[in-house]
1. Can you name the condition, by its number, that Glu273 falls short on among (1) part of a helix (DSSP H, G or I); (2) at pLDDT below 65?
2. Kindly list, by first and then second residue, each pair from a residue in the range 122-141 that is surrounded by 16 or more Cβ atoms within 10 Å (Cβ to Cβ) to a residue that is in a loop (DSSP other than H, G, I, E, B) and not β-branched (Val, Ile, Thr), limited to pairs with Cβ atoms under 6 Å and residues at least 6 apart or on different chains.
3. Condition first: basic (Lys, Arg) and part of a helix (DSSP H, G or I). Can you find one or more residues in the range 163-172 that meet it?
4. Restricting to the range 41-70, what's the tally of residues that are under 22 Å from the mean Cα position of the chain (by Cα) and either on the phi > 0 side of the Ramachandran plot or outside the structural domain of Trp98 (by TED's automatic domain parsing) (or both)?
5. Could you list, in sequence order, the residues of the range 128-145 that are under 33 Å from the mean Cα position of the chain (by Cα) and either over 12 Å from Glu212 (Cβ atoms) or not assigned by TED's automatic domain parsing to the domain that holds Glu188 (or both)?
6. Kindly evaluate Asp116 against the criterion of being surrounded by fewer than 18 Cβ atoms within 10 Å (Cβ to Cβ) and either at pLDDT 90 or above or within 30 Å of Met73 (Cα to Cα) (or both).
7. Identify the single condition in (1) in contact (Cβ under 8 Å) with a residue 24 or more places away in the chain; (2) more than 23 Å from Glu32 (Cα to Cα); (3) part of a helix (DSSP H, G or I); (4) not hydroxyl-bearing (Ser, Thr, Tyr) that Ala284 does not satisfy, given that it satisfies every other one.
8. Give the residues of the range 176-189 that are assigned to a loop (DSSP other than H, G, I, E, B), at pLDDT 90 or above and under 14 Å from Ile216 (Cβ atoms), sorted by residue number.
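The values are calculated or read from the model by the stated rules, or taken from the named source; none is laboratory data. Predicted, not measured: the structure shown is a model, and the values here were computed from it. When we count neighbours, we look across all protein chains shown, and the Cβ atoms used for this are built from the backbone with ideal geometry, even at glycine.
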Amino acid sequence: MNRQQTLLAARGLTDDRDRLLSADEPLAELHECCGGTIPGVLAVPELLDLVNQSRRSGLKIAREFSAFDGVEMVQGFVRVHPISPENGGGCEVLVENWQRTPQPQTSSNEFAERMDAIDRAAAEVSARLDARQQVQFITATAPDTDVLQKAVSAAPSKVWSEYVTLKGIAHHQPLHWRLLDGTLCQIEGSPREWRVRLLPIGKASASPRGFELLMIAEQPLAEAATEPEAPEQRAHSRLIGSALTPVLRQPIARIIANAETVRAKLAGPLREEYSEYAGNIAAAGQHLSGMLDDLADLEVVEAAGFTTAKERVDLADAARRAAGILGVRAQGRETSLVVAGPDDPIIAEGEFRRVLQILINLIGNAIAYSPEGSTVTVAVARADDGRAQISVIDEGSGVSPEQAGKIFDKFERLGRGSNGGADTGSGLGLYISRRLARAMEGDLQVMQPDSADETTGAEFRLTLKAAG
């Protein structure tokens with residue numbers, strides 16, 4: 001795509017909660033590409049930050065901004081004018097000199113700088129070295145690096161490699177820094193393996209004036225439990241949720257990040273089929289990451305004495321936020337997300353983040369199990385008995401009475417998609433969601449049609465106590 005739109009202007013209006021209420025087409029399109037809906041919290045992070053600052057300070061803000069809509073870079077000059085609380089609060093947003101340009105190809109230098117920045121963020125040991133690779137000072141945050149820090153304090157100014165054991169290198173030190181960058185080492189007192197980065201200070205010439213030493217652990221440090229557990233607590237999946245999840249999360253995140261880098265061809269040109277393979281690897285990694293999240297949640301909801309907070313939750317607002325978060329996924333399947341309900345807010349008693357968690361699970365399932373081009377409706381209403389309720393309704397193949405009897409069981413995966421395929425999830429989402437609903441003194445049900453001949457999609461209904 002080699003086009004550029006320029007000299008356009010777009011207006012928008014937000015309320016006192018930074019929700020975009022109305023917008024001209026360019027701004028609305030950018031907002032939706034970033035996962036937002038109208039009305040809904042402004043989904044463009046760069047604009048949301050400016051709107052939030054202006055609203056809180058009551059001051060006008062005018063500055064340049066840039067954002068990425070998933071395909072192209074959007075740039076412009078934004079003016080944010082706060083609206084007085086007497087007039088409803090919020091802000092008026094005007095973006096001038098609106099430009100859309102294709103995202104530039106990342107150069108190899110930019111890619112290397114990005115990888116260096118990632119390693120800096122992940123490093124648990126960092127040090128400054130002189131030109132001869134001797135340690136000037138060291139900073140370590142991990143508890144298993146105490147021996148290293150004491151060794152440097154007791155005998156400073158040695159070559160850094162004398163404080164660790166290098167793996168696979170037997171030559172006399174110091175070697176040329178390029179030969180040491182990326183090697184593995186062992187730190188005394190640490191059970192983990194560490195990857196070494198040597199970043200030259202200044203130009204990466206033959207003789208840099210110094211180095212930045214980074215040590216990145218190849219495995220996260222699993223923390224041991226500090227409190228004795230009762231037998232009923234050990235019956236839960238604590239081994240998986242508390243021990244295995246932290247150990248796996250970091251390497252899975254690295255797999256996803258590396259696969260996405262390959263898929264996006266950030267490291268250079270690549271044949272299309274290999275880019276697709278990398279995309280499949282990233283998707284599998286994201287699936288594993290989701291399963292870890294489910295296992296961690298399972299441990300929480302099954303723990304003895306688990307409770308939720310009691311807050312006033314605006315169900316309509318929670319519905320709009322959940323729909324906004326899943327907007328991009330719905331667009332990918334050409335699915336329309338519709339939030340319906342009365343104009344007056346319906347306030348329930350519960351914990352907002354748990355309500356949002358339930359809705360994201362239900363809406364995500366509805367998108368996955370509905371045919372492309374269909375509509376998923378999130379309906380907020382007040383029940384006949386006065387309780388607050390929210391329903392997620394899809395246009396898929398529905399849930400049979402037999403499936404309805406098992407669908408909330410732990411690890412139950414019913415292939416109820418439009419193509420009849422098996423669910424690839426963990427089989428825990430609905431089980432956890434119902435546990436959360438009941439912890440909030442509510443319930444989660446799958447509704448059955450009034451008539452056996454009625455062919456409708458699935459409807460899941462969350463019911464909570466109405467707040468007084």
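1. (2)
2. Glu124/Ala142; Gln133/Pro174; Gln134/Ser157
3. Residues of the range 163-172 that are basic (Lys, Arg), as a first pass: 167.
Still in the list and also part of a helix (DSSP H, G or I): none.
No, the conditions are met nowhere in the range 163-172.
4. Adding up the residues that qualify gives 1.
5. Hits for the range 128-145 are Ala140, Thr141, Ala142, Pro143, Asp144, Thr145.
6. Working: surrounded by fewer than 18 Cβ atoms within 10 Å (Cβ to Cβ): yes; either at pLDDT 90 or above or within 30 Å of Met73 (Cα to Cα) (or both): yes.
Spelling it out, Asp116 is indeed surrounded by fewer than 18 Cβ atoms within 10 Å (Cβ to Cβ) and either at pLDDT 90 or above or within 30 Å of Met73 (Cα to Cα) (or both).
7. (1)
8. The answer is Ile187, and nothing else.
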